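Heads up, the thing below is written out as structure tokens.
Here, each number is a calculation from the coordinates, and none is a lab measurement. Values in this document were obtained by computation on a predicted structure and should not be read as measured data. With ideal geometry, Cβ positions are generated from the backbone for all residues, glycine too; neighbour counts draw on all protein chains shown.
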Amino acid sequence: VVDIIFIEPDGTKRSLEVKEGLSLMEAAIANNVQGIVAECGGAGSCATCHGYIDENWMEIVGAAGLDETEMLEFVSGLSTTSRLTCQIDVNSRLNGMVVRVPETQG
Ligand code: FES
């Protein structure tokens with residue numbers, strides 16, 4: 001398992017143990033992390049799974065692909081660390097990563 005820390009919109013810190021291969025979004029939904037909505041169920045077409053990746057992890061996580069970048073145009077509060085959490089699969093290199101959930105989705 002991989003440790004992933006989500007910071008919910010109200011500042012609550014949630015430490016999850018996530019099975020490799022799940023997406024960050026799937027882990028968040030399974031653990032009822034507040035603020036991750038995931039309306040499209042992970043198809044990359046709703047942008048309600050927006051999260052901010054901790055800067056220290058951006059290099060490992062990498063930048064959004066073209067389709068994802070287009071979807072991110074729709075989020076409010078877009079940042080250079082913005083990603084759609086359904087597009088990131090958890091692997092051991094992400095152990096200890098922090099993901100901050102924005103206050104509003106969409
Ligand atoms: S769950 Fe819809 S874009 Fe990620």
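Quick rundown of the values:
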quantity: Region 77-95, residues that are assigned to a loop (DSSP other than H, G, I, E, B) and among the β-branched types (V, I, T); calculated: T80, T81, I88, V90
quantity: Selection within region 15-56 - part of a strand (DSSP E or B), farther than 19 Å from S79 by Cβ, in contact (Cβ under 8 Å) with a residue 24 or more places away in the chain and more than 9 Å from the ligand (Cβ to nearest atom); calculated: V18
quantity: Residue among T69, T104 that alone is hydroxyl-bearing (S, T, Y), within 16 Å of the ligand (Cβ to nearest atom), free of Cβ contacts under 8 Å to residues at least 12 places away in the same chain and not in a strand (DSSP E or B); calculated: T69
quantity: Number of the condition not met by G62 [criteria: (1) touching a residue at least 24 places away in the same chain (Cβ under 8 Å); (2) over 14 Å from N95 (Cα atoms)]; calculated: (1)
